[in-house]
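Report on the following structure.
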């Protein structure tokens, strides 16, 4: 209550004084956090984890967790029924176990009974109450409620039984019913959209719930001045413990800053005012990394470089709808031309010189490294092969590219250098590419309306299942996500079999068959499988990357 009264008093302060007042609140909050930590004599000293969010945070409401900045913050504040471990396997979180009916339509989740929401004024006497199955029902119904206007509503669209989708059997048993088998639903439930929220808090704060979050997560909300700082503190009643029985998290708090300049962010990191930075901006990657992706000697011992496969495939998309007039008039309608492009430029050299080896050349399929079903021995893509590219051109009726019209490639400005590299490489074998840079919003509009014939794209996983990538090519899907308008009945049959298949090994086999079909028909040119890259200070321990590039701080220690 003291904090709430203080925040209300800030609103009454003249605008020019609010920043100084808020900075006092931040300092005071951190002081209290550290004082409480020292009083336990368990982890003496200041243990506040600092990171920067250059793009800002739009909301702390998980119903709006549609981008990384929101997902990172929401992950600290909330929990989901199921989570994803570092091996990209689904593991229990709020649900300690689950059962699946014989017809693969009913999923029954058995909840933990030791989980409490954060203490908050939304509850009687300000004490957080125990989580129940009814909270899961409320949270999921809230996602699909049109009044919520959640961008995550699609996760349940045409998948759950509209008449009886979510049911609380009792306080500790929740049931979800599907309208048809869809095994990837378990991965979907690990998404931040599916975080569990209490109805009391949403009712109390209304639209302000976005800036006054109440969850069950390892950290709880203290204060947020948008554009300045976000402060979270340790949840002393968090349910998870480590192998020694010590309650997580180890950290006493988190401070998020909002410097919009990557140069400022890097300077703050150098001066130990940030504990880590995510990714390396192109403007200073050559200062830190060698071309082979290692730390330069002058940085060794001063910082730690963490890298890990990241579920993101960068690619060039090709519109392949035979009824589209753009396709009818383009040489890209020929499979052999698309194949020639795929093997006509050196991806490995591109990664070395333009990406400092951040990522892996995509020489398999569309499904990226990091997913359990990924297997380069089964799915064969395209490697750099000039002789094969020229042969394909001859077989397509364009020997050495003679008579082949110029092909326009659309890209956003930040990838202009990569597009130019590809164009220069392909020109040497007779394929002339004209690179045109457009703003991201225009490119998204053109691809959605099937007006972009050849374009640069990327696909980041929403959940850790290859179905999320393969659905991009399902013939019955519109654009989005099927921007290439690929339509192969054989692919669709395999896709429908896969999403209904309980046996993981069989489902993975089907995924690989689909991925190979895509590579055979080539509606895309895979460029690279991405890599999460973090710079961390040596006094940070237990900081582990994962293929979803989700910020995981529960087991992080700061010395």
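Estimated from helices alone, the mean residue ellipticity of the chain at 222 nm is -8500 deg cm²/dmol (sum of -39500 (n - 2.57) over DSSP H runs with n ≥ 4, per residue).
The order of 205, 353, going from fewest to most other C-beta atoms within 10 Å of their C-beta, is 353, 205. In terms of packing, defined here as the mean over residues of other Cβ atoms within 10 angstrom, the peptides 329-336, 212-219, 134-141 line up highest first as 212-219, 134-141, 329-336.
The label-point distance for residue 437 and residue 91, in a model that sets each label 7 Å from Cα toward Cβ, rounds to 4.3 nm.
Each part gets one Cα centre, and for segment 450-522 versus segment 411-431 those centres are 26 Å apart.
Rounded to the nearest 10 degrees, what's the angle between the helix 386-395 long axis and the longest principal axis of the chain, both from Cα atoms, 0 to 90? Helix 386-395 and the main axis of the chain meet at about 60 degrees.
Report for the chain the percent antiparallel among DSSP-assigned beta bridges with both residues inside it, nearest 5.
85
Sort the following peptides by mean Cβ neighbour count (other Cβ atoms within 10 Å, averaged over residues), highest first: 499-510, 227-238. Please report the intermediate quantities before stating the final value.
Details: 499-510: 15.2, 227-238: 19.5.
Ranked by mean Cβ neighbours within 10 Å, highest first: 227-238, 499-510.
Just check segment 78-213 against the gyration tensor rule for me: Cα atoms, a ≥ b ≥ c as the square roots of the eigenvalues, rounded for a/c under 1.5, and otherwise prolate or oblate depending on whether a/b exceeds b/c. Verdict is prolate for segment 78-213. Helix 416-427 and the longest principal axis of the C-alpha atoms of the chain enclose an angle of approximately 20°.
Segment 115-174 and segment 325-399 have Cα centres spaced 45 Å apart.
Spacing of the modelled spin labels on residue 46 and residue 99, each 7 Å from Cα toward Cβ, amounts to 5.3 nm. With the Cα gyration tensor of segment 201-244 giving a ≥ b ≥ c as the square roots of its eigenvalues, does the rule (a/c under 1.5 for rounded; else a/b larger than b/c for prolate; else oblate) give rounded, prolate or oblate? Oblate shape, in that a/c is at least 1.5 and b/c is the bigger or equal ratio. Express in nm, to one decimal, how much length is gained between residue 497 and residue 141 on full extension, taking 0.36 nm for each residue of separation and deducting their alpha carbon distance. Using 0.36 nm per residue and subtracting the Cα-Cα distance, I get 125.3 nm.
Bridges between two residues of segment 309-530, per DSSP, are antiparallel at a rate of about 70%.
Extending 7 Å from the Cα toward the beta-carbon at both residue 300 and residue 380 defines two label points whose distance is 4.0 nm. Compared with the dominant Cα axis of the chain, that is its longest principal axis, helix 504-521 is turned about 40°. Can you classify segment 162-262 as rounded, prolate or oblate using the Cα gyration tensor, where a ≥ b ≥ c are the square roots of its eigenvalues, rounded means a/c under 1.5, and otherwise it's prolate if a/b beats b/c and oblate if not? Here segment 162-262 falls in the prolate category.
Each part reduced to its alpha carbon centroid, segment 56-103 and segment 271-320 end up 26 Å apart.
Read the figures in this text as sums done on the coordinates, not as results from a lab. What you are looking at is a predicted structure, and each value in this text was computed from that prediction instead of being measured. Every residue, glycine as well, gets a Cβ built from its backbone with ideal geometry; the counts of neighbours run over all protein chains shown.
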